[in-house]
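Take a look at the structure set out below.
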Amino acid sequence: MRVAILASGSGSNAAALMIHFSNTEGIDVVLVGSNRSSAGVLEKANQAGVASLHFSREELVSGALLMKLKTLKVDWVLLAGFLLKIPKEFCRAFENKILNIHPSLLPKFGGEGMYGMNVHRAVFEAEEKESGMTIHYVNERYDEGAIVFQGRIDVSEFTSAEEIASEVLKLEHEYYPRVAREIILDSQRNIK
Ligand code: GAR
């Protein structure tokens with residue numbers, strides 16, 4: 001299965017995915033794309049020897065990125081801290097073939113504007129007893145696709161949003177590669 005990763009930030013999850021899949025038979029990361037030319041994730045792709053691409057919002061919206069992925073025969077798209085909304089046509093072209101990771105227990109603390117530290121600050125301010133991460137399918141509405149996995153942690157004793165962020169990120173690195181691998185390899189078995 002040929003995988004593209006889309007990310008907007010430092011790309012620690014993208015790096016975890018690239019490392020994991022470099023040892024996974026049947027999964028090849030063929031492209032890492034980012035809408036931010038300065039995003040650390042592009043450098044991480046270069047270091048891993050994976051092709052990288054900077055694209056504009058316009059290229060995402062117009063379908064140019066979609067065409068590029070189709071040309072590369074991409075089967076699955078993994079979002080790893082990607083902050084733009086995925087257009088309807090893109091979702092249709094990759095129906096049930098796009099996964100996202102979100103740093104809260106959806107449906108709590110999801111939706112537009114809820115990303116990165118905004119999520120952890122909101123969780124901390126709401127005095128939540130637990131938080132965690134959610135892996136879900138992507139549809140055209142932010143954070144509303146079917147949930148496939150959630151990892152939980154007790155945050156009741158945590159004293160800052162930064163502490164929540166750091167522990168949730170560890171969970172993300174631990175589970176996103178493994179869960180994505182199982183789902184992708186399963187989809188291949190179902191085709192055969
Ligand atoms: C991750 O915590 C991811 O869950 C979050 O952005 C961070 C990216 O970190 N995604 C969202 O908030 C999406 N709504 P990374 O660049 O180090 O992987």
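No value in this document is a laboratory result; all are computed from the given coordinates. In this text the structure is predicted, and so the values were computed from the model without any measurement. A quick note on method: Cβ atoms are made from the backbone with ideal geometry, for glycine too, and the neighbour counts reach across all protein chains shown.
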Aspartates and glutamates with Cα under 17 Å of Lys88, excluding same-chain neighbours fewer than 8 positions away: Glu58, Glu59, Glu112, Glu140, Asp143, Glu144
The chain: longest segment with zero exposed GluC sites (Glu not before Pro), where exposed means DSSP loop plus at most 15 other C-beta atoms within 10 Å, is residues 26-94
Using only the Cα atoms, what convex hull volume per residue in Å³ does the range 22-106 have? 120
Could you work out how much longer the chain between Arg121 and Asp154 gets when fully extended? Use 0.36 nm per residue separation minus the Cα distance between them, nm to one decimal. 10.3 nm
Please compute the modelled spin-label separation between Arg92 and Arg36, points set 7 Å along Cα→Cβ, answer in nm with one decimal. 3.1
Segment Gln188-Ala51, extension gain: residue separation times 0.36 nm, minus the distance between their alpha carbons: 47.0 nm
Going through the range 22-129, which trypsin sites (Lys or Arg not before Pro) have at most 13 other Cβ atoms within 10 Å and a DSSP loop state? Lys73, Lys129
Principal semi-axes in Å for the range 1-53 [√(5λ), Cα gyration tensor, largest first]: 18, 10, 9
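Give me the Kirkwood hydrodynamic radius of the range 111-192, using the inverse of the mean 1/r over all pairs of distinct Cα atoms, in Å to one decimal.
Roughly 14.1 Å, rounded to one decimal.
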proj_area_mean for the range 42-155 (convex hull on C-alpha atoms), units nm², value 7.8
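Which semi-axes, in whole Å and largest first, does the equivalent ellipsoid of the chain have when worked out from the alpha carbon gyration tensor as the square roots of 5 times its eigenvalues?
Each semi-axis is √(5λ); the values are 27, 18, 17 Å.
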HN-Hα J in Hz across the range 128-144 - Karplus 6.51, -1.76, 1.60, θ = phi - 60°, x for Gly and Pro: 5, 7, 9, 9, x, 9, 10, 10, 9, 5, 9, 10, 6, 9, 3, 6, 10
Along Cα→Cβ, 7 Å out, is where each label goes; now give me the distance between the ones at Lys85 and Glu25 in nm to one decimal. 4.4
